1. Amide H to amide H, which residues 5 or more places from residue 39 or on other chains are under 5 Å from it, using H placed in the peptide plane?
2. Suppose each label sits 7 Å from its Cα in the direction of the beta carbon; what would the residue 10-residue 152 distance come out to in nanometres?
3. Ordering 109, 141, 165 by accessible area with a probe of 1.4 Å, largest first, what comes out?
4. Within 12 Å, Cβ to Cβ, of residue 129, how many net charges do the neighbouring residues add up to if Lys/Arg are +1 and Asp/Glu are -1?
5. Counting alpha carbon pairs within less than 8 Å and at least 6 residues apart, what relative contact order, in whole percent, applies to the stretch 145-238?
6. Quick check: the distance between the Cα centres of the stretch 112-169 and the stretch 180-208, to the nearest angstrom?
7. Ignoring ligands, DNA and RNA, how do 114, 37 rank by accessible area with a 1.4 Å probe, largest first?
8. Spelling out what I want: for every residue of the stretch 128-139, take phi, set θ = phi - 60°, compute 6.51 cos²θ - 1.76 cosθ + 1.60 (Karplus), and round to whole Hz; glycine and proline get x.
Amino acid sequence: MTGERRDEIAANLAAVEQRIAAACAEAGCSRDEITLIVVTKTYPASDVVLLASLGVTDVGENRHPEAGDKYDEVGQESKLRWPKLRWHFVGGLQTNKANAVTRYADVIHSVDRIKLVNAIERGAAAAGREVTCFVQIGLSHDAGRSGAPAGEALSIAEAIAGSQHLVLGGVMAVAPLGEDPQSAFDELRGVAEAVRAKYPQASAISAGMSGDLEEAVRAGATHLRIGRSVLGERPALG
Ligand SMILES: *Cc1c(COP(=O)(O)O)cnc(C)c1O
């Protein structure tokens with residue numbers, strides 16, 4: 001069973017690597033400039049262990065407490081074996097859960113308001129660790145979806161950069177449903193450039209999922225968040 005699952009994930013990973021290589025070749029970037037984050041939400045901790053054994057260094061989760069439970073389930077032995085495994089929190093985050101998430105998240109991609117920056121800073125300080133934060137930008141033309149308006153990116157970036165336990169990594173977005181991902185990601189690149197002009201080390205652009213990684217790479221993505229193409233279709237969320 002485990003052997004079969006391992007083979008399935010290995011084959012899917014190889015196919016995703018080919019897509020990334022082709023997109024990089026077209027965009028004139030190099031594979032080493034891109035971090036592949038495999039989004040393991042809804043999949044078991046055993047898949048995280050298989051991914052690590054296949055050389056994956058970054059996994060992503062979108063909900064607490066599922067993420068924290070999985071982190072614990074992966075266990076100390078695996079953590080010692082794959083010390084470079086990084087945990088990314090990519091989903092919407094409530095202020096009152098920020099403290100819990102800082103226990104295991106190395107990178108939080110969904111920082112879209114200053115109140116949340118302050119809550120993450122308190123959690124990171126209490127845990128005595130450093131957390132990298134990406135400013136999530138809402139690119140949808142419908143109001144009410146997650147992410148900060150592009151015009152707030154710099155003030156949120158400033159709050160992160162000024163927090164003692166936080167590192168400003170860059171920006172993140174999810175392409176809006178039913179809109180052209182290329183124009184959304186091109187807009188994100190513009191926001192990323194404005195942030196980087198002020199904070200040169202904040203060079204990350206987290207964009208691109210299973211359905212739109214090519215458009216993201218074309219717009220300069222440095223972090224791809226891929227779930228289904230590696231792990232398979234998820235059962236419908238309850
Ligand atoms: C689930 C999720 C992904 C991965 O999506 P796939 O379509 O499975 O590749 C990426 N980013 C976020 C924020 C997600 O919630």
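1. Close amide H contacts, sequence-distant or interchain: 60, 226, 227.
2. 4.6
3. Accessible-area ranking of 109, 141, 165, largest first: 141, 165, 109.
4. Charge balance near residue 129 sits at -2.
5. Dividing the mean separation by the residue count of the stretch 145-238 yields 23 percent.
6. 15
7. 114, 37
8. Result, ordered by residue: x, 10, 9, 10, 8, 10, 10, 7, 7, 9, x, 9 Hz.
The values are calculated or read from the model by the stated rules, or taken from the named source; none is laboratory data. Bear in mind the structure is a predicted one, so any value in this text is a computation, not a measurement. For neighbour counting, all protein chains shown are included, and Cβ atoms are generated from backbone atoms with ideal geometry for every residue, glycine included. Each accessible area value is taken on the protein alone, full model and side chains, heavy atoms only, with ligands, DNA and RNA left out. Shrake-Rupley method; radii C 1.70, N 1.55, O 1.52, S 1.80 Å.
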